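What follows is calculated from the coordinates using simple rules that are stated; it is not laboratory data. Being a predicted model, the structure only gives us computed values, none of them experimental. Cβ coordinates were reconstructed from backbone atoms using ideal geometry, including for glycine residues, and neighbour counts include every protein chain displayed.
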Ligand SMILES: Nc1ncnc2c1ncn2[C@@H]1O[C@H](COP(=O)(O)OP(=O)(O)OP(=O)(O)O)[C@@H](O)[C@H]1O
Ligand SMILES: [Mg+2]
């Protein structure tokens, strides 16, 4: 091994792809998007560049999310994305094959798991370790996963929400559902369609969720003016949306997440469940930042809830911490089946 480390942590998220290099920390975070020429199928750009390209270029260039609901939907697009971004952060001359640790959602099928490994090997990795996203999130959130006391992490991202109870470096119970940021955005679009007869874009839906969305209507009721298109006339229209609207629009998704949190607790052995009652639930992932979400889960479960620091980066930070300690890496990654 030279002075430049070749150990890479890769958080291949549905919304964002993030890269950590051992010894350097987080070196990259870009949207999980590829720009494709619709006619030739050629991949023209990835990440930020792909996102910027769309709308400013001819109609035949479209943006595609190569991951859907936490798993790879477009193999070539994902491989290009990983390859391009990894080579952008590692100088070419030093790009001998890196060791990769990649996060995956709990409960992905063997086929999906092999797709992740396949993409990573094809993108040039020498070795690929897989770690469950919830395990990585817990480590990154600062939970001492190797302790015997049980702890619980809930990572709410773009494609999936992961719930896991951990103890002694292992996952005791875990569940993963395809209800997270993307589904919430879709529900907001549907709600506005039904209640205002206006269609808005995914970007607008995401903006209102982040800016005025809240899980409970405690505190202020904010307003936001957004642009859409009237469904009847087809003409542009501006509407005023309130926190209450977004709370209602998000309600089904949030109760679904809550249901699986409760289910996970029910599946937990009583001694460990008692630890969690006392120590609380830790939230991570981009969507854990929805206002009052911690309060909502606390009120509905009666268990203390804490929001992790930099919740969006917990998974990547956890992967990085595992790379720093071969012992943690061995203990927390899944057995490789290559
Ligand atoms: N301040 C915020 N408030 C509410 N939601 C937010 C905020 N910031 C980001 N999000 C949402 O978080 C989601 C992205 O989270 P994250 O980056 O953790 O997902 P991911 O890791 O790419 O996805 P996954 O792990 O599900 O594959 C998006 O839906 C985004 O709209
Ligand atoms: Mg994630």
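How long is the gain from residue 334 to residue 110 if the chain were fully straight, where each residue apart is worth 0.36 nm and the alpha carbon distance is subtracted?
Residue separation times 0.36 nm, minus the Cα-Cα distance, leaves 79.4 nm.
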Worksheet item: Working from the pairwise distances between different alpha carbons, so that the mean of 1/r is found and then inverted, what is region 206-250's Kirkwood radius in Å?
Response: 11.2 Å
Item to complete: Taking the Cβ of each residue in 88, 29 as the centre, tally the other Cβ atoms inside 10 Å and list the residues starting with the fewest.
Response: 88, 29
Worksheet item: On average, how much area does the Cα convex hull of region 143-307 cover when viewed from any direction, in nm²?
Response: 9.2 nm²
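How high is the relative contact order of region 143-307, in percent, counting Cα pairs under 8 Å that sit 6 or more residues apart?
In percent, rounded to a whole number, it is 27.
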Worksheet item: Given springs between every Cα pair under 10 Å in a Gaussian network model of the chain, which of 144, 227, 22 has the largest fluctuation?
Response: 227
Worksheet item: What ranking of 78, 301 emerges when the number of other C-beta atoms within 10 Å of each C-beta is taken as an exposure proxy, fewest first?
Response: 301, 78
Worksheet item: Any idea what the relative contact order of the chain is, in percent, if you count C-alpha pairs under 8 Å spaced at least 6 apart?
Response: 18 percent
Worksheet entry | Choice from 203, 13, 169 with maximal GNM fluctuation in the chain (Cα, 10 Å cutoff) | 203
Practice prompt. In Å³ and rounded to a whole number, note down the convex hull volume per residue for the Cα atoms of region 63-133.
Written response: 88 Å³
Worksheet entry | Max mean-square fluctuation residue, GNM over the chain, Cα-Cα springs under 10 Å, options 83, 211, 289 | 211
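Computed over the Cα atoms of the chain, what is the convex hull's projected area averaged over all directions, in nm²?
Mean shadow area of the hull around the Cα atoms is 18.3 nm².
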